[in-house]
Amino acid sequence: MAGLVLVTGASGFIGKRLIGALAKDGFKVRAAARDPSSIIAASEVEGVALPDLARPADWSALLAGATHVVHLAGIAHAPGTLLDEVYSRVNTEAVGELADAARGKVERFVFMSSVRAQAGLSADHVITEKDEPQPTDIYGRTKLEAERLVEGSGVGFTVLRPAVIYGKGVKGNIAALATLAKTALPLPFAGLDNRRSLLALDNLISAVSFVLREEQTANETYLVADAQPIPVADLVTAMREGLGRPPHLVRVPQGAVRRILKSFGKEADWERVSGEFVISSAKLMGIGWRPAIATHDGIVRMMRAENGAMPA
């Protein structure tokens, strides 16, 4: 099949890995980034300038000859620093405009949404696509509204709602936890047996490649996560294993840890660590996708890579 795929946000955490993988899969790749010079030159990869998503853009040149689109570009979490209107413009309106422009031109429009379009920071049940979406912040709400614009545009689409993604170069909550793991301090996580679903970057890349090629995924929405969730204590243990260190976890009353974090204005961080958040990828796995990397192994490899060691 193959063809020409336009990837927006091609220089980001996901994009820079994805464009190489798609080229290996036989696609020609038009890699759109704010700084095209950041795209590594390759015979099947063309670096181009990404339009300013803060205002309406003419997508015709970027879509010329394209058979597929993977839209990654957008604003991730930047609490307290951006107006809701900016989130809505970049994460919602620009997505709808691109989907409208792609209608009738491309075979498949893959939109990278987020599990936050469906749920908050924790859940008392296993999350599936059948659950009514209940985003709890501006990021999740703008992603959900963008999904609805894509669906209503008439373009052939697939929406992916990934769990928190990890891999070399990760930022955000996983990076913050990894920084803690790198210290010599004992960490108060021994009692945290709550499970969190995560997603290895390579597993996400394989999911994107899968839905681009699989006809059954047309006009569907999928949650994407590693096959099994991981208890938080085991997550930190895997991080320190990747660093060649013992876990050095201690058991501390959870209420005490929460009060400390709350005093520093970090109560949301406690919910991210202490809450149960399990995602089912059964819908996507049911048609043949398989996440090859288990979370424990992926975290160990990530930490070894971040620490300058060769992955095992």
- Starting from the amide H of Ile127, placed 1.01 Å from N in the peptide plane, find each other amide H under 5 Å away whose residue is 5 or more places distant or on another chain. Val278, Ile279, Ser280
- Query: What is the order of Tyr87, Tyr166, Tyr222, fewest Cβ neighbours within 10 Å to most?
  - Reply: Tyr87, Tyr222, Tyr166
- Query: Per the Kirkwood formula on distinct C-alpha pairs, the Rh of the range 3-162 is how many angstrom?
  - Reply: 16.1 Å
- Message: Under 8 Å for C-alpha pairs, at least 6 residues apart: give me the relative contact order for the chain, rounded to a whole percent.
- Response: 17 percent
- Task: Per residue of the range 281-287, in order, report the coupling 6.51 cos²θ - 1.76 cosθ + 1.60 (Karplus, θ = phi - 60°) as ³J(HN,Hα) in whole Hz, putting x for Gly and Pro.
- Result: 9, 4, 5, 6, 5, x, 10
- Message: I need to check one value: relative contact order of the range 186-303, counting alpha carbon pairs closer than 8 Å and at least 6 residues apart, in percent.
- Response: 45 percent
- Item | Fewest-first sequence of Phe189, Phe13 by Cβ atoms within 10 Å of each Cβ | Phe13, Phe189
- Suppose R0 equals 41 Å; then what is the FRET efficiency for Arg259 and Arg103 from their Cβ-Cβ distance, rounded to the nearest 0.05? 0.20
- Query: How far apart, in nm, are the 7 Å Cα→Cβ label points at Lys24 and Asp131?
  - Reply: 3.3 nm
- Footprinting exposure proxy for Arg304, Arg34 (fewest neighbouring C-beta atoms within 10 Å first): Arg34, Arg304
- Message: For the chain, what is the number of Lys pairs with C-alpha distance below 17 angstrom, counting only pairs 8 or more positions apart or on separate chains?
- Response: 8
- Query: What's the extension gain from Thr183 to Asp58 if we count 0.36 nm per residue and subtract their Cα-Cα distance?
  - Reply: 40.2 nm
- Note on the structure: In whole Å, largest first, the alpha carbons of the chain cover along the principal axes 58, 39, 38
- Query: Taking H as built 1.01 Å from N, whose amide H comes closer than 5 Å to the amide H of Arg30, not counting residues under 5 places away?
  - Reply: Val5, Leu6, Val7, Glu46
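Rule-based calculations on the coordinates, nothing more; no lab input. These figures come from a predicted structure and were not determined experimentally. With ideal geometry, Cβ positions are generated from the backbone for all residues, glycine too; neighbour counts draw on all protein chains shown.
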